[in-house]
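K.L.:
Structure provided below as structure tokens; questions to follow.
A short reminder: the numbers here are calculations on the coordinates, not readings from a lab. Fair warning: this is a prediction, and the values are worked out from it, not measured in the lab. Note that we place each Cβ from the backbone using ideal geometry, even for glycine, and neighbour counts take in every protein chain shown.
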């Protein structure tokens, strides 16, 4: 048995199938973690959802921003954008089953036996792992019990700093922004959600990758995440980034988490220059 974590698929089903072939993945033996953003921008979001759902307990998914965007559209709380590639999924005869399955996925997953956890984007420096878990459960409960209300108030960049006294839509919005949008924070621990570039090319010296924030309280388990294609593959100080930009012409990456000596396994985007 092997446990593999896989980066942002974003509708790249051909590449996902190729990666699973290279891994010699078997659903009755191995397990997969998907860091989120299963859908959008790539050509085959519907095939990706069907494939991963069909794996049952062999696949664990955390929700990304594109997954939430799809659900927001499905629940009538967002419109499609010009660069979305979700029409086939939204028109699928099994959309109800797929959306119900997707909405049941968590924002935060833990494996205590490996001392590892998975999320799509990042963690607020003020959170320890216990608080992160509780925050994730709050949003997951809202998504399952009243998704229309959640998505109706979800969007925006404020508040940008954690406060345990946050309530209602402000609290849920902050939590979702951390788990699905975060890349950088500033020296005061505020979310800098509009900054997207590589740390090597960032012009602002006042911003810090979320996983380098001073005095962050979440340290302890190995953190596996995606979302940051300009960062690329990253594996340092018990933090693993797996978004290698397949949909943009990069690669789709997997890392075996139960082998401390494992190197990433990658397959290239099937289309030169990306979709």
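K.L.:
Among what's in the range 234-248 and is surrounded by fewer than 17 Cβ atoms within 10 Å (Cβ to Cβ) and assigned to a loop (DSSP other than H, G, I, E, B), pick the residue that is farthest from the chain's Cα centre (by Cα).
P.N.:
237
K.L.:
Does the range 197-209 contain any residue that is touching a residue at least 60 places away in the same chain (Cβ under 8 Å) and either assigned to a loop (DSSP other than H, G, I, E, B) or under 22 Å from residue 155 (Cβ atoms) (or both)? Walk me through it before giving the result.
P.N.:
Within the range 197-209, the first condition is being touching a residue at least 60 places away in the same chain (Cβ under 8 Å), and the residues that meet it are none.
Within the range 197-209 (the criterion being touching a residue at least 60 places away in the same chain (Cβ under 8 Å) and either assigned to a loop (DSSP other than H, G, I, E, B) or under 22 Å from residue 155 (Cβ atoms) (or both)), the answer is no, since none of the residues qualifies.
K.L.:
To continue, here is another question. Within the range 176-189, count every residue that is in contact (Cβ under 8 Å) with a residue 60 or more places away in the chain and either part of a strand (DSSP E or B) or crowded, with 23+ Cβ neighbours inside 10 Å (or both). Step through it out loud before you land on a result.
P.N.:
First, the residues of the range 176-189 that are in contact (Cβ under 8 Å) with a residue 60 or more places away in the chain: 176, 179-183, 185, 189.
Narrowing further to those that are either part of a strand (DSSP E or B) or crowded, with 23+ Cβ neighbours inside 10 Å (or both): 176, 179-180, 182-183, 185.
Count: 6.
K.L.:
Are there any pairs with C-beta distances below 7 angstrom linking a residue in the range 162-174 that is surrounded by 11 or more Cβ atoms within 10 Å (Cβ to Cβ) to a residue that is in a helix (DSSP H, G or I), with the two at least 6 apart or on different chains, and if so which?
P.N.:
From residues that are surrounded by 11 or more Cβ atoms within 10 Å (Cβ to Cβ), the pairs are 162/174; 166/174; 172/138; 172/139; 172/142; 172/150.
Here is a yes/no grid of residues against (1) surrounded by 18 or more Cβ atoms within 10 Å (Cβ to Cβ); (2) over 17 Å from residue 9 (Cα atoms); (3) in contact with a strand residue (DSSP E or B) (Cβ under 8 Å, 6 or more places away or on another chain):
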| residue | (1), (2), (3) |
| --- | --- |
| 48 | yes, no, no |
| 52 | yes, no, yes |
| 63 | yes, no, no |
| 66 | yes, no, no |
| 76 | no, yes, no |
| 98 | yes, no, no |
| 120 | yes, no, yes |
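K.L.:
Tell me which residues, restricted to the range 138-158, are part of a loop (DSSP other than H, G, I, E, B) and either buried (at least 21 other Cβ atoms within 10 Å of the Cβ) or within 21 Å of the chain's Cα centre (by Cα) (or both).
P.N.:
Listed by number, the residues that qualify are 153, 154, 155, 156, 157, 158.
K.L.:
Restricting attention to the range 249-271, report how many residues are touching a residue at least 60 places away in the same chain (Cβ under 8 Å), closer than 19 Å to residue 29 by Cα and part of a loop (DSSP other than H, G, I, E, B).
P.N.:
So the count comes out to 3.
K.L.:
Taking the range 34-46 on its own, how many of its residues are surrounded by fewer than 24 Cβ atoms within 10 Å (Cβ to Cβ) and touching a residue at least 60 places away in the same chain (Cβ under 8 Å)?
P.N.:
Within the range 34-46, residues that are surrounded by fewer than 24 Cβ atoms within 10 Å (Cβ to Cβ) and touching a residue at least 60 places away in the same chain (Cβ under 8 Å) number 2.
K.L.:
Go through (1) in contact (Cβ under 8 Å) with a residue 40 or more places away in the chain; (2) farther than 16 Å from residue 35 by Cβ; (3) within 17 Å of the chain's Cα centre (by Cα); (4) part of a loop (DSSP other than H, G, I, E, B) and name the single condition residue 228 misses.
P.N.:
The number of the failed condition is (2).
K.L.:
Quick one: how many residues across the range 190-215 are under 27 Å from residue 112 (Cβ atoms) and crowded, with 18+ Cβ neighbours inside 10 Å?
P.N.:
4
K.L.:
Among the numbered conditions (1) outside any helix (DSSP H, G or I); (2) crowded, with 21+ Cβ neighbours inside 10 Å, tell me where residue 274 comes up short.
P.N.:
Checking residue 274 against (1) outside any helix (DSSP H, G or I); (2) crowded, with 21+ Cβ neighbours inside 10 Å, the one that fails is (2).
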